[in-house]
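Engineer: Quick one: this structure, given as structure tokens, is what I'll be asking you about.
The values are calculated or read from the model by the stated rules, or taken from the named source; none is laboratory data. None of the values given here were measured: they were computed from a predicted structure. We place every Cβ from the backbone using ideal geometry, glycine too, and count neighbours over all the protein chains shown. Side chains included, ligands, DNA and RNA excluded: accessible areas come from the protein's heavy atoms. Shrake-Rupley method; radii C 1.70, N 1.55, O 1.52, S 1.80 Å.
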Amino acid sequence: VLDDIVPDPEVQIGGPAWPAVRALRVQPASHVGAMQRCLICFAMVCGAAAASAASEGTCDVASGECSAADRAAPAAEYFWPHGRGHPRYFGQSPHAFGDGACNLSAALKWSWHHPSGRYASMVLSKPMIDDKLNLYISGLDGVRKFSRDGEVLWYWPVNETLKQNKVYPPNNLAIMDGAVFSCLTSGEVFALSMESGEVLWRAMPGSKGINSDTGFVIARNGRVILDIDETDPNLNITNRVVALNSSNGDTLWEYKPDAGVWNFLPYFPGDGTVIFQDWSAGVHKINESSGERLWTVPPKNSTGWTDGGPALGPNGVFYTVTSTSPQSMSWASSGGGLHAHRVKDGQLLWEQTGFSEGIYTYPVVGRLGLDDDLTVVTGVGSLAMYPYPFQVYMVFPALIPFMLAAGVLVWLCWLRCARSSGSLLRKALRGAIFVAIGGGVLAVPFVMALVFIFGKARYPYAIYAFDAETGKPKWRVDLPTWNGWAAAGDHDGYADRQRHGYENRAVCLPCASSYPTLDANGVIYFGHLDGRIYSIKDRDGDGNISEGDICSFDTGGAAFTGGPSIAPGLLAASTCDSLFVFSDGSW
């Protein structure tokens, strides 16, 4: 027979993920019937479980320690609401895709690219997934909603006026409370109905546009958070982070970091704050409600730049990445680092800085096996360059003065050797022709040879795993070296995109790899600049990654910042030109 149940304030069970559940103390009382006491007990446990399921991973404000919430996701929530999935899971999905075997080729359900041709547009957002397994993506030409079977349910187009003004939606989408949130390079932020695609509101929080990198719009707790303003790392032109009211687009607060942000991706430790890194791995922690700065960690390198980003672990640690090279040398970076900071105060706990190239991706933190300790995994390797013809086109104008000088030398040589006669005017005209033709004839092969000799067409890439608490190396695996001037698909696609009116965004120029997605089986999925989706898992449990532990699926196009999205029985991945959806056979 149960006695009265009262909460004991001295003892808490279940950890931070169960904040409402306390140890129960038995009190002798007889005025409550046994059945009533059973119902009270049942209601308390169910209510606590519901509170746990509805909460995100939480951090204790005093200690800075975090814990992931219950892995059993509520059925009514969206499976992948923004670029990094659900904040509750710190980047590791609660769902497994199949049994973790190398089955992507056999599991492909459908794929999509623009109806006018594969390179008629560019896919910029990774797919968001709602509670009905519908998918949402955006590209240069607009936003689309798909059913899980590949039917286009609605399409919100970028109108012709915006297209002519070189305006497009650059960032990864977010979905929340029946709305899709996105933005335009003009500086406009907007919300669409998830049901119909109709515009719910538009807002212009700034007059300086929105950068054309591929960051993340985040929708959470009635706020839409993103970065605004054009930025230039080479000129130290920085941008701002803003929060808008998700119901009408009104600006709630803004925050301007000392260094700019690139491919902006904020995280939420669960203590009412937002934490993110800037392009030089400086760390910023601000109040989520007001945007007030709580603390910052200065950039690691004032000249370094990365288009990668951070990861938040369930252990109260924030992991940032760096490259020691400036943006202009990101294709030939000479070093980088992975840095672990305590969420509570930003203190550096450990770092790995002995890499031969920079880090231009995002880490992921989680357990790679049921009994494994927390592991942080990141890729290391430089960005790919522009397609070879595009590089020649870019270099040529800078060499025009030298080519003109070469033409003059050719003309003077001809005058001396041929002992040309005639009037001064005729000599001047003849000289102009020699300068133009001689300089041009010399310029083309010279520039082509220059780019060929000093350009880069070989991109090694490695995946590293470290103990998330200590930074101790666990394993390393080298992917096949990508031999190409540009990322997969960029050489084939840039001319087509120019013909379709996208001269300002004809090439993808993706991260070295998308951020990794970790499923419930400990399988790591990510896209790489070689055009393949990789899956990595220590399948034989020997603590090392061997050839049989690495599987891949060739999409033919590189991936952007966003990695694969996972929902029950479904894995979806976007490349620069297509969307691929895989099924484990359960639907």
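Engineer: Have a look at the range 120-159 and give its Rg and Dmax from the Cα atoms, expressed in angstrom.
Structural biologist: Considering the range 120-159 through its Cα atoms, Rg and Dmax are 10.0, 30 Å.
Engineer: Ile550 accessible area, nearest 10 Å², 1.4 Å probe?
Structural biologist: Ignoring ligands and nucleic acids, Ile550 comes out at about 50 Å².
Engineer: Going by a ≥ b ≥ c, the root eigenvalues of the Cα gyration tensor, does the range 152-288 fall in the rounded group (a/c under 1.5), the prolate group (a/b larger than b/c) or the oblate group?
Structural biologist: oblate
Engineer: In the structure shown, do any of Lys126/Lys163; Lys126/Lys456; Lys344/Lys472; Lys300/Lys456; Lys145/Lys208 have a Cα-Cα gap over 25 Å, and if so which? Intermediate results must be reported in sequence, preceding the final value.
Structural biologist: Details: Lys126/Lys163 21 Å; Lys126/Lys456 28 Å; Lys344/Lys472 22 Å; Lys300/Lys456 27 Å; Lys145/Lys208 29 Å.
Going by Cα-Cα distance, Lys126/Lys456; Lys300/Lys456; Lys145/Lys208 fall outside the 25 Å limit.
Engineer: Further, regarding this structure: At a 1.4 Å probe radius, which order do Val242, Val158, Val199 fall into by accessible area, largest first?
Structural biologist: Val199, Val158, Val242
Engineer: Run the quick spin-label model on Thr470 and Asp372: label points 7 Å from Cα toward the beta carbon, then report their separation in nm to one decimal.
Structural biologist: 1.7
Engineer: Give the separation of the Cα centroids, the range 125-157 to the range 328-374, in Å.
Structural biologist: 32
Engineer: Now a separate question. Please name whichever of Ser325, Pro314, Ser302 sits farthest to the positive end of the charge dipole of the range 227-354, dipole taken about the Cα centre and charges placed at Cβ: Lys and Arg +1, Asp and Glu -1.
Structural biologist: Positive-most Cα among the choices belongs to Pro314.
Engineer: Net charge within 12 Å of Ala558 by Cβ-Cβ distance, Lys/Arg positive one each and Asp/Glu negative one each, not counting Ala558 itself?
Structural biologist: -4
Engineer: Which log10 I(q)/I(0) values does the range 227-352 give at q = 0.11, 0.15 Å⁻¹ under the Debye formula, counting every alpha carbon as one identical point scatterer?
Structural biologist: Reported log10 I(q)/I(0), two decimals: -0.37, -0.67.
Engineer: Hey, what's the Kirkwood Rh for the range 333-394 if you take every pair of different alpha carbons, in angstrom?
Structural biologist: 14.4
Engineer: Thinking of the range 102-192 as a set of Cα atoms, what percent of all their pairs are more than 16 Å apart? Could the numbers behind the result be given before it?
Structural biologist: Details: 2318 of 4095 pairs.
Counting pairs separated by more than 16 Å, the tail of P(r) holds 57 percent.
Engineer: What size of dipole, in debye to the nearest 20, comes out for the range 163-267 about its Cα centre when the only charges are +1 on Lys and Arg C-beta atoms and -1 on Asp and Glu C-beta atoms? Intermediate results must be reported in sequence, preceding the final value.
Structural biologist: Numbers: 8 positive and 12 negative charges, 14 e Å.
Around 60 debye, computed over the range 163-267.
Engineer: In a shell of Cβ-Cβ distance under 13 Å around Phe466, excluding Phe466 itself, what net charge do Lys and Arg (+1) and Asp and Glu (-1) give?
Structural biologist: Residues close to Phe466 contribute a combined charge of -2.
Engineer: Quick one: compute a quarter of the convex hull surface over the Cα atoms of the range 531-573 and quote it in nm².
Structural biologist: Convex hull of Cα atoms, orientation-averaged projection: 4.0 nm².
Engineer: For Ala174, what residues show an amide H to amide H distance below 5 Å, using hydrogens built from the backbone and excluding near sequence neighbours?
Structural biologist: It is Phe181, by chain and number.
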